[in-house]
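Data first, discussion second: the structure below is written as structure tokens.
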Amino acid sequence: MPLVAAYFRPDSLDEALSLLAGPHRIVLGGGTTINSDRQRSDVEVVDLQALGLDSIESSETELRIGATATLADVAGSDQVPDGLRAIARRESPSTLRTLATIGGLIASAHPDSVLLAALLVHGASVDLAGSEAMPLASVLAQGVPSQAIITAVRLDPTGVLCHAATGRTPADVPIVAAVARAGAGGISLALTGVAATPITVDPDDPVGGLAPPGDFRGSSGYRVELAGVLAARALGGLR
Amino acid sequence: MSNEHSITFELNGAPTTVAIQVHENLRDVLRALGMFSVKFGSSDGETGAAAILFDGELASADVILAAQADGHKVTTVESINTERDLHPVQAAFAATGAIQSGYSAGAMILGTLALLEQNPDPTEADIRDMLSGILDRETAYVKPVEAVKRAAAVMRGEATEPFAPLIVQPMTDGTNSIEYDPTSPAPRASQAVPRLIPSRDVPEMAVVGHPEIKVDAVKLAKGNPAFTDDIELRGMLFAKLLTSPHAHANIVDIDDTAALALPGVHAVLHYKNTPRIKYASGGQSWPNPYPYDQVSFDTKVRHVGDRVAVVAAESVAIAEHAVSLIDVTYEVLPAIFDEHQAMLPGAPVIHDETDTTEIFDRDRNLVHQITAERGDVTKALADSSLVFEQTFRVHQVQQCPIEPHISIAWLDADERLVIRTATQVPFHTRRMVAPLLGLEVKDVRVIKPRIGGGFGAKQEMLLEDIVGHLAIATRRPVRLELTREEEFVSSRTRHPQTITYRTAVAPDGMLIAQDMYVLANTGPYGTHGMTVQTVTGLRGLTSYNAPNKRFHCDVVYTNIPVPGAYRGYGAPQAEFALEAHMEDIAAELGMDAIEFKRLNWAKVGSEMDIAPHLGERAVAEGELDEYPKVMSSGIEECVAQGMREVQWHRRDDPSWVQPADRPHIRRGIGFAFCMHGTAIPFLDMGGCSIKINDDGSFNMLVGATDLGTGADTVLGQIAAEVLGVALDDIKVYSSDTDMTPFDTGAYASSTTYISGTAVMKAAEVVRKRLKERAAMLLDVEIPCTIELRNKRAYAADGRSVSLEEIALDSLHTQEQEQIMGTASYVSQDCPPPFAAQFAEIEVDTETGQVTVTKLVMAVDCGVAINPITASGQVEGGMAQALGYAHCEEYDYDESGRMSNSSFGPYKIYRADEMPEMTVFLAQTMEDSGPFGAKAVAEIPKDGVAPAIRNAILNATGVAINEIPFTPERVWNALHTA
């Protein structure tokens, strides 16, 4: 638990944006990332729970997931396509997915997040208060703009989703995962574990230009090999 | 919200307003409110030990700021503790043996309540998903899953049968092997149900052998305050350690001025203000094995995470702040981490201080050299035309008890030091800690309450000297609990080893000689360095008969976090190498692996001929009249049952090995023969005292240490059987150095056998006197004709008197006396349990990912005093062994800092990814054990790694001689084969 110096629970987005303007202020979603980070100290957290950003709404062409909807909400919502629900369920264990929020997931930009990869192939964009909406890929690459708050993620819920992953154990955070989607716009493919964040790649050349950082779970070269194998499987699963 | 605030929330249905500090998490606030079922396992919420229902959903309170809870509904397991009887969900957990240590029981029970609220008829996948956030190091989740199913059935109003073993008929005559029949169907039952194969040598008993509910189940199911941290002491201070950021450095200076000046700080201790008294921290019998290479606070640090200083302050936050203010000047030294480099010329000398003696070769970092030989191995190897040599590497892992190390110390009204601590060895700890604190043993009391798992990590005097120093310095109670990261780097681990076997074999497959060389890495301190490696030699050279055997072991210092005791204690390392080696020799000889092993494995009558020459009480050949022999073995029954269960024939079926619908998958089945020990002969000792109460019940005091294993229950069952009463009439109190008899502690698979025999002997003393008193009351001339059963004493003619009447008579009426008995036991024997371990796996040949799909272990543990707790030990042991084989490992950066010191990066299995597990208990009658019992707790650690290795070999034809079988390692092996 970081040494939190102040806690705020604004009642409106305007108040939240105003509070965020202060020094050392950070947004608190569910808390699974920030509250477990023992390296932080003297942070002041702005808790979004009172803003009513947890709704999940869908139309034929768009799914909108509020920023404070939890992964459990996503996994349990019949508004969400089955493939995405299953990936949301696997993203975190039972005691954390009820707290972790979709906004927090996007802000963390974790390189191993299969759910982020799934959102990428669904063409997700991120609604922001205090800033213009941005494609998810841009948010992952550049980070959440300073003084902005993620309010929702929007995506095209249609299409077929398939993913393949390799981990140490069946429920392990994958060393590399590939998520493929066949939608109206064609085939899209995203990978985890091969860059600083999940990334979309060319389905026709999924490993081109990859230079992933290695660690004890998988060297750089091994991750490239996995990317090729898993991309082929995910794409093959669409057929 | 400023730093201090009040929040209002609904706690277990009641509006609750509480003042908080803004940085506090909900777990700590709930505990301060008396919700002791909410436990600390890690600060990142990964263990789930602090799971609560947050607005009805299971959530880790570790990662919820208390401020976030304002306005919400919070539910803990205390909400259902409305009466003495257990809630049906709690009762289901108790009935199925789902509670071992019980540290995370509250979380599991709450999760069950929430799940059943949403779905009264959950699938097993639903249940395992619910449990996915609650890490359990004890049960392998097998019985918790069964408990949820049972609770669901009860809540739906369905009738349930008592949870009991499935009786399976023997397949063998108990001695000889049978031919494998692939058409023979395996017995079917829930995997949580142990398959019990009775032996005609074992009589039917009233309490022993029955699935009694654990004696501590109620308090654990309710989350009652039973663990070290579950007491509140007025004025208690909180300690935090300053640990080394360097793997090897001299401490040039420490300036604690700023830390001491911080308001709320009461003491800062380090090398400048604590006495330099040398000790060895391993919790072992007197005299502790040398060298004594540690002091409470040294002028040198030898691994990242080593002690530098400690602070005691009014709160954890103040103590943490004070730690950051301590100014340490280090002289950083070169470090070594690999055991091979440790002995090379020019390697940094890790113990260059002059006051550590008894290091075998200080300049080469060689702390111990262990040798033993039977026959003439050099000649046998030279004379043989079939000599096989292989080298294996086993790695460092951590015990990972969900309850980290924690100790609380205070001075009692008599100003004696009391240490309430999570230890496996309270008596050793008392003896070891006293001189470090300038106290005599009589001035120290060590209390072991319930423990949230130990697995060897707590067979150590680890924090007790620190809290002792601080309690004496501040004259206030002091609490010190390790964080999860500290548990990884400042606690204890398993020894890495490099093992080389050379084996000479006759053309007929009989072993002629086995030569075993072990290079072992004991990190920077000796602690269990000598004894663990001794067990490696013992296990590595006892399982198979050979006329010539030799063990040579070099144990070296390095700068990795300290290895020590870990369940199995050197055997898992040896068994991986041995069972892989034997598998490969069989293949080279063109023999069936099981037949080759069977030809050579130890059988009834086999001499355990290297055993007396190894260990703390090793003897020379001339000092020995006779070698110990194997007196009971059920290995053939184990093999037969296991082969049938795993459908052994499939490993030779190409269509099964290579499934047509998944061309990148290869399947395999592997086997490992396991032989362990039961206690340390001539060394392990346990004591027991029993006294009768007015109502004919008994108080039983034992020094034995129940870690969640069910030891208190098993010992109670032994006493109940002797005294002819129900288990509920035996009130067990254990592990308090002021109150209970001595016991060496919980290690070496000794409790049931050693402490159990002490219990049996003490109960026999009481029984004898009960019979004499009954004879007085019944006017019977020969007391030995009296029988005790059903809490009554019966004369041969059928007349009887109750034990209550005997108690009242003896305590209040005539010739008053306290009927009581005391006994202790030390064994000359070490009867080995045997087991057959099978693993079924899948290998993804394109990625290297290994998926373990099924584990089967058939164990001969003699008579299982309690088949439910025994099978729970086997399941939990296999799960830990699975992690050792498959996914757990330490990763370091170049400076020796662990990069994966949290769960997730350090991967332990969770409920929704476990393979199927089946346990068989093949009874044998071990005459030297209490009611025929041998050990069971450690043998399940031995066979999983080699069985998986041999299954991968079966699946792919590739032999991998290093663990863990992580995807890239397997992928590399497949691509270089």
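The values are calculated or read from the model by the stated rules, or taken from the named source; none is laboratory data. Please read these numbers as outputs of a predicted model, since none were measured by experiment. FYI the Cβ positions are ideal-geometry reconstructions off the backbone, even for glycines, and counts take in every protein chain you see. Only protein heavy atoms, including side chains, enter the accessible area calculation; ligands, DNA and RNA are left aside. Shrake-Rupley method; radii C 1.70, N 1.55, O 1.52, S 1.80 Å.
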Point to revise | Odd one out for B:Ser42 among (1) touching a residue at least 60 places away in the same chain (Cβ under 8 Å); (2) away from chain A (no Cβ under 14 Å); (3) out of contact with any Gly (no Cβ under 6 Å at 6 or more places or on another chain); (4) crowded, with 22+ Cβ neighbours inside 10 Å | key: (2)
Exercise for review: Kindly list the number of the only condition in (1) within 27 Å of B:His395 (Cα to Cα); (2) not in a strand (DSSP E or B) that fails for B:Thr503.
Suggested key: (2)
Practice item. Give the residues of region A:88-133 that are of a type in the set (A, V, I, L, M, F, W, C), buried (at least 21 other Cβ atoms within 10 Å of the Cβ) and over 13 Å from A:Ala69 (Cβ atoms), sorted by residue number. Key: A:Leu96, A:Ala107, A:Val114, A:Leu116, A:Ala117, A:Ala118, A:Leu120, A:Val121, A:Ala124, A:Val126
Practice item. Take B:Ile326 and decide whether it is within 24 Å of B:Tyr890 (Cα to Cα), crowded, with 19+ Cβ neighbours inside 10 Å and aliphatic (A, V, I, L, M). Key: no
Exercise for review: Among the candidates B:Asn12, B:Asn81, single out the residue that is out of contact with any Asp or Glu (no Cβ under 8 Å at 6 or more places or on another chain) and either more than 9 Å from chain A (Cβ to nearest Cβ) or on the phi > 0 side of the Ramachandran plot (or both).
Suggested key: B:Asn81
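Suppose we filter B:Asp28, B:Asp121 for residues that are at the interface with chain A (Cβ under 9 Å from one of its Cβ atoms), open to solvent by 10 Å² or more (accessible area, probe 1.4 Å) and free of Cβ contacts under 8 Å to residues at least 40 places away in the same chain; which single one remains?
Working: B:Asp121 fails: at the interface with chain A (Cβ under 9 Å from one of its Cβ atoms).
The conditions single out B:Asp28.
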Exercise for review: Give the residue, chosen from A:Leu3, A:Leu13, A:Leu19, that is of a type in the set (A, V, I, L, M, F, W, C), more than 13 Å from every other protein chain (Cβ to nearest Cβ) and either open to solvent by 30 Å² or more (accessible area, probe 1.4 Å) or in contact with a strand residue (DSSP E or B) (Cβ under 6 Å, 6 or more places away or on another chain) (or both).
Suggested key: A:Leu13
Review point. Only one of (1) surrounded by 23 or more Cβ atoms within 10 Å (Cβ to Cβ); (2) within 12 Å of chain A (Cβ to nearest Cβ) fails for B:Val74. Which number is that?
Key: (2)
Point to revise | Residue, farthest from A:Arg90 (Cα to Cα), within region A:176-195, restricted to residues that are within 12 Å of another protein chain (Cβ to nearest Cβ) and within 15 Å of the chain's Cα centre (by Cα) | key: A:Gly193
**Study point:** Verdict on B:Val394 being among the aliphatic types (A, V, I, L, M), closer than 30 Å to B:Leu882 by Cα and open to solvent by less than 20 Å² (accessible area, probe 1.4 Å)
**Key:** yes
**Study point:** Cβ-Cβ under 6 Å pairs, at least 6 apart or on other chains, region B:168-181 side in the same structural domain as B:Val639 (by TED's automatic domain parsing) and of a type outside the set (Ser, Thr, Tyr), far side in a loop (DSSP other than H, G, I, E, B) and at pLDDT below 95
**Key:** none
Practice item. Answer yes or no: is there a residue in region B:884-896 that is open to solvent by 10 Å² or more (accessible area, probe 1.4 Å), farther than 27 Å from B:Ala192 by Cα, more than 14 Å from chain A (Cβ to nearest Cβ) and at pLDDT 95 or above. Key: yes
Check your understanding: What's the number of the condition A:Asp73 fails, among (1) more than 21 Å from B:Ile52 (Cα to Cα); (2) without any contact (Cβ under 8 Å) to a residue 40 or more places away in the chain?
Key -> (1)
**Study point:** Count of residues meeting criterion [within 7 Å of chain B (Cβ to nearest Cβ) and either in contact with a Gly (Cβ under 7 Å, 6 or more places away or on another chain) or among the aliphatic types (A, V, I, L, M) (or both)] in region A:219-232
**Key:** 2
Revision key, fill the gap. Note: among B:Val801, B:Val852, B:Val843, B:Val856, just one is without any contact (Cβ under 8 Å) to a residue 40 or more places away in the chain, of a type outside the set (Ser, Thr, Tyr) and not in a loop (DSSP other than H, G, I, E, B), namely B:Val801
Revision key, fill the gap. Checked region B:285-319 for anything within 14 Å of another protein chain (Cβ to nearest Cβ), over 17 Å from B:Leu463 (Cα atoms) and not in a loop (DSSP other than H, G, I, E, B); matches are B:Ala317, B:Ile318
Check your understanding: Based on what the data block shows, is B:Gly438 open to solvent by less than 10 Å² (accessible area, probe 1.4 Å) and touching a residue at least 60 places away in the same chain (Cβ under 8 Å)?
Key -> no
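For every residue, the table says whether it meets (1) free of Cβ contacts under 8 Å to residues at least 60 places away in the same chain; (2) more than 14 Å from chain B (Cβ to nearest Cβ); (3) out of contact with any Gly (no Cβ under 6 Å at 6 or more places or on another chain); (4) open to solvent by less than 30 Å² (accessible area, probe 1.4 Å).
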position	(1), (2), (3), (4)
A:Thr166	no, no, yes, yes
A:Thr197	no, yes, yes, yes
A:Gly208	yes, yes, yes, no
A:Ala234	no, no, yes, yes
Review point. Taking the condition within 14 Å of chain A (Cβ to nearest Cβ) and touching a Lys or Arg at 6+ places or on another chain (Cβ under 8 Å), does B:Ile819 pass?
Key: no
Review point. Does at least one position in region B:566-577 carry a residue that is in contact with a helix residue (DSSP H, G or I) (Cβ under 7 Å, 6 or more places away or on another chain) and open to solvent by 10 Å² or more (accessible area, probe 1.4 Å)?
Key: yes
Study note, to complete from the structure: Within region B:898-930, of all residues that are open to solvent by 50 Å² or more (accessible area, probe 1.4 Å) and within 13 Å of chain A (Cβ to nearest Cβ), the one nearest to B:Ala247 (Cα to Cα) is B:Ser899
Exercise for review: Identify, from the list A:Arg85, A:Arg154, the residue that is away from chain B (no Cβ under 14 Å) and among the basic types (Lys, Arg).
Suggested key: A:Arg154
Check your understanding: Are any of the residues in region A:178-187 within 20 Å of A:Ser220 (Cβ to Cβ) and not assigned by TED's automatic domain parsing to the domain that holds A:Leu140?
Key -> yes
Review point. Do you know which of the residues in region B:938-965 that are crowded, with 24+ Cβ neighbours inside 10 Å, in contact with an Asp or Glu (Cβ under 9 Å, 6 or more places away or on another chain) and not in a helix (DSSP H, G or I) is nearest to the other protein chains (Cβ to nearest Cβ)?
Key: B:Ile963
**Study point:** Lone qualifier among B:Glu373, B:Glu389, B:Glu331 - being surrounded by fewer than 22 Cβ atoms within 10 Å (Cβ to Cβ), part of a strand (DSSP E or B) and over 34 Å from the mean Cα position of the chain (by Cα)
**Key:** B:Glu331
Check your understanding: Do we have any residue at all in region B:232-246 that's basic (Lys, Arg), open to solvent by 50 Å² or more (accessible area, probe 1.4 Å), assigned to a helix (DSSP H, G or I) and under 25 Å from B:Leu463 (Cβ atoms)?
Key -> no
